[in-house]
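First the structure, in the form of C-alpha coordinates, and then the observations on it.
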Amino acid sequence: MEVKIQSYQPSDFISEFITENYIVMIWKGVGVFSVDGINYSYSGYNILFLSPYQKLKLSSDSEEDMNVLLFHGDYYCIEYHKDEVACNGLLFNNIYLNPGIELSKENYEYILELFNHIKREEKENHQFSQSIIKTYIQLILALCSKQKSGLENNYVINEKLPNKNAVEFQKLLEGNFKKEKELSFYSDKLNITNNTLSKLVKKEFGKTPSQLMNERIILESKKLLHLTYRSIKEIASELGFDDEFYFSRYFKKSVGCSPKQYRDKVGISVVAKMSM
(Lines give C-alpha, C1' and ligand atoms only; values in the text may rest on other atoms or scores of the structure.)
Protein backbone atom coordinates (compact mmCIF):
# COMPACT_ATOMS: atom_id res chain seq x y z
CA MET A 1 0.00 0.00 0.00
CA GLU A 2 1.50 3.34 -1.06
CA VAL A 3 -1.45 5.65 -0.26
CA LYS A 4 -4.83 4.96 1.31
CA ILE A 5 -7.70 6.69 3.08
CA GLN A 6 -9.22 4.45 5.73
CA SER A 7 -11.96 4.90 8.33
CA TYR A 8 -11.44 3.67 11.88
CA GLN A 9 -13.44 3.59 15.08
CA PRO A 10 -11.87 5.11 18.23
CA SER A 11 -11.84 1.61 19.71
CA ASP A 12 -9.35 0.59 16.99
CA PHE A 13 -6.70 2.68 18.77
CA ILE A 14 -7.14 1.35 22.30
CA SER A 15 -4.21 -0.97 21.59
CA GLU A 16 -1.01 0.41 20.06
CA PHE A 17 -1.34 1.25 16.37
CA ILE A 18 1.95 1.10 14.43
CA THR A 19 2.62 1.26 10.69
CA GLU A 20 5.52 1.83 8.28
CA ASN A 21 3.53 4.68 6.69
CA TYR A 22 3.18 8.36 7.45
CA ILE A 23 -0.19 9.07 9.07
CA VAL A 24 -2.49 12.08 8.86
CA MET A 25 -5.57 11.47 11.02
CA ILE A 26 -8.57 13.80 11.28
CA TRP A 27 -11.41 13.45 13.79
CA LYS A 28 -13.58 15.30 16.29
CA GLY A 29 -14.26 14.64 19.94
CA VAL A 30 -12.74 14.95 23.39
CA GLY A 31 -10.20 12.63 24.97
CA VAL A 32 -6.54 11.75 25.19
CA PHE A 33 -4.13 10.33 22.63
CA SER A 34 -0.70 8.90 23.33
CA VAL A 35 2.25 9.02 20.93
CA ASP A 36 5.30 6.97 21.90
CA GLY A 37 4.04 6.84 25.48
CA ILE A 38 3.46 10.60 25.88
CA ASN A 39 -0.12 11.68 26.58
CA TYR A 40 -1.82 14.68 24.93
CA SER A 41 -5.36 15.84 25.66
CA TYR A 42 -7.54 17.02 22.77
CA SER A 43 -10.97 18.51 22.15
CA GLY A 44 -13.01 19.74 19.21
CA TYR A 45 -11.73 19.24 15.67
CA ASN A 46 -8.32 17.62 15.48
CA ILE A 47 -5.63 16.55 13.05
CA LEU A 48 -2.62 14.40 13.97
CA PHE A 49 0.65 13.74 12.12
CA LEU A 50 2.76 10.64 12.74
CA SER A 51 5.95 9.32 11.16
CA PRO A 52 6.62 5.63 10.44
CA TYR A 53 6.76 3.39 13.51
CA GLN A 54 5.47 5.96 15.97
CA LYS A 55 3.17 4.26 18.46
CA LEU A 56 -0.38 5.63 18.74
CA LYS A 57 -3.04 4.92 21.37
CA LEU A 58 -6.25 6.91 21.80
CA SER A 59 -9.33 7.20 23.99
CA SER A 60 -12.34 9.24 22.88
CA ASP A 61 -15.86 10.05 24.02
CA SER A 62 -17.01 9.95 20.39
CA GLU A 63 -18.16 6.99 18.33
CA GLU A 64 -17.79 8.80 14.99
CA ASP A 65 -15.40 7.50 12.34
CA MET A 66 -11.82 8.71 12.37
CA ASN A 67 -10.48 9.33 8.87
CA VAL A 68 -6.86 8.34 8.33
CA LEU A 69 -4.59 9.10 5.38
CA LEU A 70 -1.67 6.68 5.16
CA PHE A 71 1.11 7.14 2.64
CA HIS A 72 4.49 5.49 2.24
CA GLY A 73 7.64 7.60 1.98
CA ASP A 74 8.33 6.08 -1.44
CA TYR A 75 5.00 7.45 -2.65
CA TYR A 76 5.23 10.98 -1.26
CA CYS A 77 8.61 11.99 0.15
CA ILE A 78 8.30 14.78 2.72
CA GLU A 79 12.06 15.42 2.54
CA TYR A 80 11.95 15.88 -1.24
CA HIS A 81 9.05 18.34 -0.96
CA LYS A 82 10.38 20.18 2.10
CA ASP A 83 10.67 23.53 0.28
CA GLU A 84 7.04 23.42 -0.83
CA VAL A 85 5.32 22.28 2.38
CA ALA A 86 7.93 22.75 5.17
CA CYS A 87 6.27 19.96 7.17
CA ASN A 88 9.35 17.94 8.13
CA GLY A 89 10.39 19.16 11.56
CA LEU A 90 7.08 20.94 12.07
CA LEU A 91 4.20 18.52 11.48
CA PHE A 92 6.43 15.44 11.47
CA ASN A 93 9.65 14.61 13.31
CA ASN A 94 9.67 17.28 16.01
CA ILE A 95 10.13 15.84 19.48
CA TYR A 96 9.46 19.18 21.21
CA LEU A 97 5.99 19.91 19.78
CA ASN A 98 2.56 18.35 20.15
CA PRO A 99 2.12 16.18 17.02
CA GLY A 100 -1.53 17.29 16.76
CA ILE A 101 -3.34 20.52 15.90
CA GLU A 102 -6.79 21.72 16.94
CA LEU A 103 -8.61 22.89 13.82
CA SER A 104 -11.42 25.34 13.27
CA LYS A 105 -14.65 23.77 12.04
CA GLU A 106 -14.09 25.42 8.66
CA ASN A 107 -10.58 23.99 8.22
CA TYR A 108 -11.72 20.59 9.50
CA GLU A 109 -14.48 20.41 6.89
CA TYR A 110 -12.15 21.62 4.13
CA ILE A 111 -9.45 19.03 4.91
CA LEU A 112 -12.10 16.33 5.24
CA GLU A 113 -13.29 17.24 1.76
CA LEU A 114 -9.72 16.90 0.47
CA PHE A 115 -9.67 13.41 2.03
CA ASN A 116 -12.86 12.63 0.10
CA HIS A 117 -11.24 13.86 -3.13
CA ILE A 118 -8.34 11.48 -2.53
CA LYS A 119 -10.81 8.61 -1.99
CA ARG A 120 -12.50 9.37 -5.30
CA GLU A 121 -9.20 9.48 -7.17
CA GLU A 122 -8.24 6.15 -5.59
CA LYS A 123 -11.42 4.58 -6.97
CA GLU A 124 -11.22 6.15 -10.43
CA ASN A 125 -7.50 5.40 -10.80
CA HIS A 126 -7.07 7.09 -14.17
CA GLN A 127 -3.75 8.15 -15.69
CA PHE A 128 -3.66 11.43 -13.75
CA SER A 129 -4.87 10.08 -10.39
CA GLN A 130 -1.46 9.72 -8.75
CA SER A 131 -0.42 13.27 -9.62
CA ILE A 132 -3.74 14.63 -8.36
CA ILE A 133 -3.53 12.65 -5.09
CA LYS A 134 0.01 13.90 -4.44
CA THR A 135 -1.19 17.45 -5.03
CA TYR A 136 -3.97 16.98 -2.47
CA ILE A 137 -1.48 15.55 0.06
CA GLN A 138 0.80 18.52 -0.52
CA LEU A 139 -2.10 20.93 -0.03
CA ILE A 140 -3.12 19.29 3.26
CA LEU A 141 0.45 19.41 4.58
CA ALA A 142 1.03 22.99 3.44
CA LEU A 143 -2.22 24.25 5.03
CA CYS A 144 -1.44 22.55 8.32
CA SER A 145 2.20 23.71 8.28
CA LYS A 146 0.94 27.26 7.85
CA GLN A 147 -1.48 26.90 10.77
CA LYS A 148 0.98 25.18 13.10
CA SER A 149 3.70 27.71 12.36
CA GLY A 150 1.24 30.50 13.20
CA LEU A 151 0.14 28.75 16.38
CA GLU A 152 3.70 28.44 17.65
CA ASN A 153 4.42 32.11 16.96
CA ASN A 154 1.18 33.24 18.62
CA TYR A 155 1.93 31.10 21.68
CA VAL A 156 5.22 32.91 22.23
CA ILE A 157 3.73 36.36 21.59
CA ASN A 158 0.43 36.05 23.42
CA GLU A 159 0.90 33.47 26.13
CA LYS A 160 4.33 33.37 27.68
CA LEU A 161 8.00 33.27 26.85
CA PRO A 162 9.57 29.81 27.03
CA ASN A 163 11.67 29.08 30.08
CA LYS A 164 15.24 30.17 29.37
CA ASN A 165 16.91 27.08 30.86
CA ALA A 166 14.53 24.74 29.04
CA VAL A 167 15.32 26.48 25.74
CA GLU A 168 19.05 26.30 26.48
CA PHE A 169 18.67 22.59 27.24
CA GLN A 170 17.05 22.13 23.83
CA LYS A 171 19.96 23.92 22.14
CA LEU A 172 22.50 21.89 24.09
CA LEU A 173 20.72 18.65 23.27
CA GLU A 174 20.62 19.44 19.56
CA GLY A 175 24.37 20.08 19.57
CA ASN A 176 25.49 17.23 21.82
CA PHE A 177 22.99 14.33 21.73
CA LYS A 178 25.27 12.09 19.68
CA LYS A 179 28.03 12.05 22.31
CA GLU A 180 26.55 13.25 25.60
CA LYS A 181 23.95 10.86 27.00
CA GLU A 182 24.14 11.74 30.71
CA LEU A 183 21.77 14.26 32.28
CA SER A 184 24.58 15.66 34.43
CA PHE A 185 26.37 16.99 31.33
CA TYR A 186 23.41 19.25 30.56
CA SER A 187 22.68 20.32 34.13
CA ASP A 188 26.37 21.16 34.69
CA LYS A 189 26.42 23.28 31.53
CA LEU A 190 23.37 25.18 32.80
CA ASN A 191 24.73 25.36 36.35
CA ILE A 192 21.57 23.85 37.87
CA THR A 193 20.79 20.52 39.53
CA ASN A 194 19.49 17.47 37.68
CA ASN A 195 16.23 17.74 39.60
CA THR A 196 15.71 21.42 38.72
CA LEU A 197 16.46 20.77 35.06
CA SER A 198 14.06 17.82 34.99
CA LYS A 199 11.22 19.92 36.43
CA LEU A 200 11.82 22.83 34.03
CA VAL A 201 12.02 20.62 30.95
CA LYS A 202 8.97 18.58 31.95
CA LYS A 203 6.94 21.77 32.43
CA GLU A 204 8.06 23.25 29.11
CA PHE A 205 7.92 20.22 26.81
CA GLY A 206 5.73 17.71 28.67
CA LYS A 207 8.62 15.23 28.67
CA THR A 208 11.58 14.55 30.95
CA PRO A 209 15.13 15.32 29.75
CA SER A 210 15.80 11.58 29.56
CA GLN A 211 12.77 11.06 27.31
CA LEU A 212 13.90 13.88 25.02
CA MET A 213 17.46 12.56 24.91
CA ASN A 214 16.20 9.11 23.93
CA GLU A 215 13.74 10.48 21.37
CA ARG A 216 16.43 12.67 19.78
CA ILE A 217 18.74 9.70 19.29
CA ILE A 218 15.92 7.59 17.85
CA LEU A 219 14.81 10.44 15.55
CA GLU A 220 18.35 10.77 14.19
CA SER A 221 18.62 7.00 13.85
CA LYS A 222 15.47 6.90 11.73
CA LYS A 223 16.72 9.81 9.64
CA LEU A 224 20.04 8.12 8.88
CA LEU A 225 18.37 4.79 8.13
CA HIS A 226 15.89 6.43 5.76
CA LEU A 227 17.95 9.20 4.15
CA THR A 228 21.35 7.55 3.72
CA TYR A 229 22.93 4.30 2.54
CA ARG A 230 25.22 4.12 5.57
CA SER A 231 25.57 0.74 7.22
CA ILE A 232 24.03 0.13 10.63
CA LYS A 233 27.56 -0.10 12.04
CA GLU A 234 28.39 3.34 10.62
CA ILE A 235 25.15 4.82 11.96
CA ALA A 236 25.77 3.35 15.40
CA SER A 237 29.26 4.86 15.48
CA GLU A 238 28.02 8.28 14.36
CA LEU A 239 25.48 8.27 17.18
CA GLY A 240 28.08 7.46 19.82
CA PHE A 241 27.50 3.71 20.18
CA ASP A 242 30.68 1.62 20.28
CA ASP A 243 28.73 -1.59 19.70
CA GLU A 244 26.33 -1.85 16.74
CA PHE A 245 24.51 -4.74 18.43
CA TYR A 246 23.84 -2.64 21.53
CA PHE A 247 22.59 0.14 19.23
CA SER A 248 20.25 -2.35 17.54
CA ARG A 249 18.85 -3.46 20.89
CA TYR A 250 18.47 0.18 22.00
CA PHE A 251 16.63 1.02 18.77
CA LYS A 252 14.35 -2.03 18.94
CA LYS A 253 13.38 -1.31 22.56
CA SER A 254 12.13 2.16 21.58
CA VAL A 255 10.76 1.53 18.08
CA GLY A 256 9.59 -2.06 18.26
CA CYS A 257 11.71 -3.35 15.38
CA SER A 258 15.40 -3.60 14.58
CA PRO A 259 17.19 -0.94 12.48
CA LYS A 260 17.40 -3.42 9.60
CA GLN A 261 13.66 -4.16 9.78
CA TYR A 262 12.91 -0.43 9.92
CA ARG A 263 14.99 0.25 6.81
CA ASP A 264 13.43 -2.71 4.98
CA LYS A 265 9.87 -1.53 5.71
CA VAL A 266 10.28 2.25 5.45
CA GLY A 267 12.77 2.10 2.60
CA ILE A 268 15.59 4.42 1.62
CA SER A 269 14.40 7.81 0.46
CA VAL A 270 14.70 9.13 -3.07
CA VAL A 271 16.69 11.96 -1.45
CA ALA A 272 19.46 9.47 -0.60
CA LYS A 273 19.35 8.04 -4.10
CA MET A 274 19.63 11.51 -5.64
CA SER A 275 22.71 12.36 -3.55
CA MET A 276 24.70 9.32 -4.71
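The values are calculated or read from the model by the stated rules, or taken from the named source; none is laboratory data. Just so we're clear, the structure is a prediction, and the values are computed from it rather than from any experiment. Reconstructed Cβ throughout: ideal geometry from the backbone, glycine too, with neighbour counts over all protein chains shown.
The condition of being at pLDDT below 95, touching a strand residue (DSSP E or B) at 6+ places or on another chain (Cβ under 9 Å) and either of a type in the set (A, V, I, L, M) or assigned by TED's automatic domain parsing to the domain that holds residue 260 (or both) holds for only one of 68, 35, 24, 30, that being 30.
Take the conditions among the acidic types (Asp, Glu), in contact with a helix residue (DSSP H, G or I) (Cβ under 7 Å, 6 or more places away or on another chain) and surrounded by fewer than 18 Cβ atoms within 10 Å (Cβ to Cβ) and apply them to residue 220. Does it pass? The answer is no for residue 220. In segment 42-67, the qualifying residues are those that are more than 17 Å from residue 14 (Cβ to Cβ) and among the hydroxyl-bearing types (Ser, Thr, Tyr), and the one that is nearest to the chain's Cα centre (by Cα) is 51. Can you find a residue in segment 91-100 that is closer than 16 Å to residue 50 by Cα, of a type in the set (Ser, Thr, Tyr) and touching a helix residue (DSSP H, G or I) at 6+ places or on another chain (Cβ under 9 Å)? Looking through segment 91-100, at least one residue is closer than 16 Å to residue 50 by Cα, of a type in the set (Ser, Thr, Tyr) and touching a helix residue (DSSP H, G or I) at 6+ places or on another chain (Cβ under 9 Å). Checking each residue in segment 88-102 for being in a strand (DSSP E or B) and either outside the structural domain of residue 36 (by TED's automatic domain parsing) or at pLDDT 95 or above (or both) picks out 92, 100, 101, 102. Within segment 105-124, none of the residues are in a strand (DSSP E or B), in contact (Cβ under 8 Å) with a residue 12 or more places away in the chain and not assigned by TED's automatic domain parsing to the domain that holds residue 220.
Which members of segment 216-270 meet the condition of being touching a Ser or Thr at 6+ places or on another chain (Cβ under 6 Å) and in contact (Cβ under 8 Å) with a residue 24 or more places away in the chain?
218, 226, 227, 251, 259
Inspect segment 237-249 for any residue being under 21 Å from residue 89 (Cβ atoms) and modelled with pLDDT of 95 or more and give the result as yes or no. Walk me through it before giving the result.
Narrowing segment 237-249 to residues under 21 Å from residue 89 (Cβ atoms): 238-239.
After this cut, where a residue has to be modelled with pLDDT of 95 or more as well, the list is 238-239.
The answer is yes; a qualifying residue exists.
Of all the listed residues (45, 53), the sole one being buried (at least 16 other Cβ atoms within 10 Å of the Cβ), in the same structural domain as residue 72 (by TED's automatic domain parsing), over 15 Å from residue 94 (Cβ atoms) and in contact with a Cys (Cβ under 8 Å, 6 or more places away or on another chain) is 53. Please enumerate the residues belonging to segment 240-268 that are in contact with an Asp or Glu (Cβ under 6 Å, 6 or more places away or on another chain) and outside any helix (DSSP H, G or I). Answer for segment 240-268, where residues must be in contact with an Asp or Glu (Cβ under 6 Å, 6 or more places away or on another chain) and outside any helix (DSSP H, G or I): just 267.
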